[in-house]
Amino acid sequence: MRATFLGFEIARKALNASQKGLDVVSQNISNANTEGYTRQRVELSAEPFLRGSYLYSNSTTADVGLGVKVDRISQVRDKVLDYKYRKENAINNTWNTCLRGLKDIESVIDEYSKDGLNTSVMNLLEKLHTFSSNTSNIEYASLVRSAAQTVAQTLNKYSEQLYELEQQQYEELGIIIEDVNQLLEKISSLNTQIKGAMVAGYNPNELMDTRNMHLDTLSGYLNIYVENHDDGSVSVKCGDVYLVHWKEYNEISLAEGYPVSLKQEDGSDFVVSNGQIFGHLQMLNGNGVFATGGESDFQGIPYYKNSLDMFAQKLAEVFNELNKVDGAEKPLFSGDESGNITASTIGISKEWLMDAMYITTSTLEGAPSGANDNIVKMIQALNDTHTITPAFKGSFVDFVTSLNGDIAMDVRYYEDMAETSDIVLMTVDEQRESVSGVSLNEETINMIRFQKSYSAAARIMTALDEALDILVNRMGVVGR
Amino acid sequence: MRLTNNMIMKRYLRNLNTSYKTLAKLSDISSSQKLYSRASENPAAAMKAFNVRNDLARIEFFKNNIVDVKNIYTDYEASISTVNDIVKEINSMLEQAKNVTYTDTERAAIATVLENLQTQLLDVVNRKSADRFLFGGANLTELPFEVKDGKLYYHGVDVDTGTFEKESIYIDFGMGMSSRSGVPVSDNTAFNIAYSGVELLGHGVDEDGISNNIYNIITDLVQMLKNNDTTNLEKYQKKFESKMSDVLIQYADIGQKTNFIEFIENRLNVDEENFLNKQDSLEVADLAEAFMNLEYQRLAYNAALKIGANLMEGSLLDFLS
């Protein structure tokens, strides 16, 4: 026997479903421009007629279903695209972070559009030439001394600026690590909330969107792998280490010492291989050609610092050697109190500062006042080949050019790679957008659809009402 | 593929950005006339450009050296010319004095004139110019010649009896002197600007016992004329004639050296021009081409902007009644 009000129930459910549909359309439209929003969809299914027991029922009753059921509101998202995006995002951030750092180094040592080390060394050479024509002239001697001072000061300046860059990189790294830890906390708390909601039976779409946005941001900082669990929580792995697992998270921090590295909450090592953190670590640790053992061979700040230090040492060594008289020390360049010479400590020796003629002009016996043979030797030394670093044999000027070449080529390379990676990332992002983004046309059509089905359901309600009306008010009233 | 509004907008923005970036770059090139503003924009060309710049700087050094040396040689030339004049005058006096009809007093008068000329000669060779004693050889701060007891000393050494080595102050003209360490500096690789006074005036004694030094010869002559001793006058006058041609040879030598300096200068100028051309091709943008590219890009950018205004045409919503 059919229940009297069954039709009404079916129509009511239809109205409900259409209403829900319209609600979802309005949700999608209002969030069309929201960052990180995944379009939602109402999932409908037909409700089957549930017979109590097939054993004792009547036969051949044509059963009609019990209407439409709103299963849930789901979101349209492709997990594979998310994985691809996060992987590429980490790589992209590596390129871009390194590029930014390299450009900073370039602005310190680039000599193409400003005067730098090359200019000051050539200036010293010029003053030596002038001096060679009259080595008894104290003005010329002073010029040589101030030219040498300029070389030392340029080295000091480069060294200082590189040190500042290093500090900046440290600071940025510190800020990022704080950010990462905050994100880890947020993700783990969202895990709890989402799991709770799913247990209660509904889809926390907005919470999941928020968590996905956090994961996207996190993927820019370091290389992560997201494991999705059936209960709605995620685990975040970096390499082999779990950063978030269920509702726990593993804070990371900077470890002491050099090279700069990271450690987990329990103190053990933590290694990243991509992302902004990795980029900063490369800049801080990269020792280029001088890398030993497990050091990074990226040409980062230590590489340039060490190169300039070796340059300063060699320059001082060559000139101090040439200035000796009968084997006695007569240094032109000096370093710090303990005598160590680096790019930041190199300077004119006190003796030379007091007396411009401290520079040895001739090493001949009883040399006359205009003899310039030692100055000629100094000029030759400036143009000659030396082993300035274990990896570079050439003149001082060539060395500066080659250092400029190193940074120029690195910047060029990273610029190209970053550009390519940008395009790849944008392509993946576009694919994600294509799947999860809101299309106004589509929503409009859905709106029309649900609107029409709402009207149709309402119409059915009217029809049923009329039928019931006949049954109730006009059946069996004969002749009244 | 399913398209959303956001995708279209993002794509448009990306393309616009690329177009704008190109526009900015071309605008930069047109206004600065440099093909690139940082070495990283074209590393290969930039490295070559660095080398060319350094080469140009070196040529500048050599040219500056040449200017200095030219000035010094102008002084040399003037001084030697004066010496030459003095020597010629002395020689003509001697020609006269040889004349046996001259009396004692006339010979004594000549002796006085000779003494004056001798003093002038000493002044010339002891001249200082721009803080250097011109004829001091490699010693630029001590007086070259001194007279003690009537004898001439060059830097404290007797010019008749002492030995004198070649003195040198080598200047780099880009002939290879300073290309690397240990290159022995010689007249093949550098230019010697030291001029020793004894080279000019002569030193030592010849087989007749006559001094080779002009000053000392004059001293002897003055003595002879004052004493009216004409026995060796003929020999001395012959000697003096040969000294005169010695001075002329020195004078010609200076002239030749000056020519050489100018020859080197010209060569350096040619080298400089070659390097400047090279620098142009590496660093400087062709203005016409740059402007053309800029205008074309501007056109493309404006077209893109116009199209974008029509992109958000609207959706189905606009057409619902």
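Side notes on the structure shown:
- Every helix of 4 or more DSSP H residues in chain A counts as -39500 (n - 2.57), and over all residues that averages to -20000 deg cm²/dmol at 222 nm.
- B:Leu311-B:Glu234 pseudo-label distance in nm [points 7 Å out on the Cα-to-Cβ vector]: 11.4
- Across peptide A:446-454, the mean count of Cβ atoms from other chains lying within 10 Å of each residue's own Cβ comes to 1.
- Flagged links, alpha-carbon separation over 21 Å, of A:Lys314/A:Lys350; A:Lys157/A:Lys305; B:Lys98/B:Lys151: B:Lys98/B:Lys151
- Inverse of mean 1/r across different Cα pairs in the protein assembly as shown, Kirkwood, Å: 35.9
- Partner shielding of A:108-117 amounts to 3, given as the average count of beta-carbon atoms from other chains within 10 Å of each residue beta-carbon.
- Cβ-derived FRET efficiency at R0 35 Å, A:Asp23 paired with A:Leu66, nearest 0.05: 0.95
- A straight line joining the Cα centroids of the stretch A:250-298 and the stretch B:82-151 runs 84 Å.
- Rounded to the nearest 20, the size of the Cβ-charge dipole of chain A about its Cα centre is 2800 debye, with Lys and Arg at +1 and Asp and Glu at -1.
- Alpha-carbon centroids, the stretch A:161-179 and the stretch B:49-77: separation in whole Å: 48
- R0 of 60 Å, Cβ-Cβ distance A:Ala463-A:Val289: FRET efficiency to nearest 0.05: 0.10
- Pairs from the list A:Lys87/B:Lys21; B:Lys166/B:Lys238; A:Lys87/A:Lys393; B:Lys48/B:Lys257; B:Lys88/B:Lys226 with a Cα-Cα gap above 32 Å: A:Lys87/A:Lys393; B:Lys48/B:Lys257.
- Residues of the stretch B:145-175 falling in the label zone of B:Phe260, defined by backbone nitrogen less than 18 Å from a point 7 Å along Cα to beta-carbon, are B:166-175.
- Cα centroid separation, the stretch B:225-302 to the stretch A:183-246 (Å): 80
- Eligible lysines near A:Lys452 by straight Cα distance, threshold 30 Å, same-chain separation 8 or greater: A:Lys13, A:Lys20, A:Lys69
- Working ranking of peptides B:117-126, B:245-254 by packing, defined as the average number of other Cβ atoms within 10 Å per residue, highest first, is B:117-126, B:245-254.
- Number of partner chain Cβ atoms within 10 Å, mean per residue of B:46-58: 5
- Within the listed set B:Met47, B:Met224, B:Met292, the residue fluctuating most in the Gaussian network model of chain B (springs between alpha-carbon atoms under 10 angstrom) is B:Met292.
- Residues B:Ala304 and A:Ser273, FRET efficiency given R0 of 41 Å [Cβ-Cβ distance, rounded to 0.05]: 0.55
Every read-out reported here was derived from the displayed coordinates using simple, explicitly stated rules and does not represent laboratory data. Here the structure is a predicted model, which means the values were calculated and not measured. Note that each Cβ is placed from the backbone with ideal geometry, even for glycine, and that neighbours are counted across all protein chains shown.
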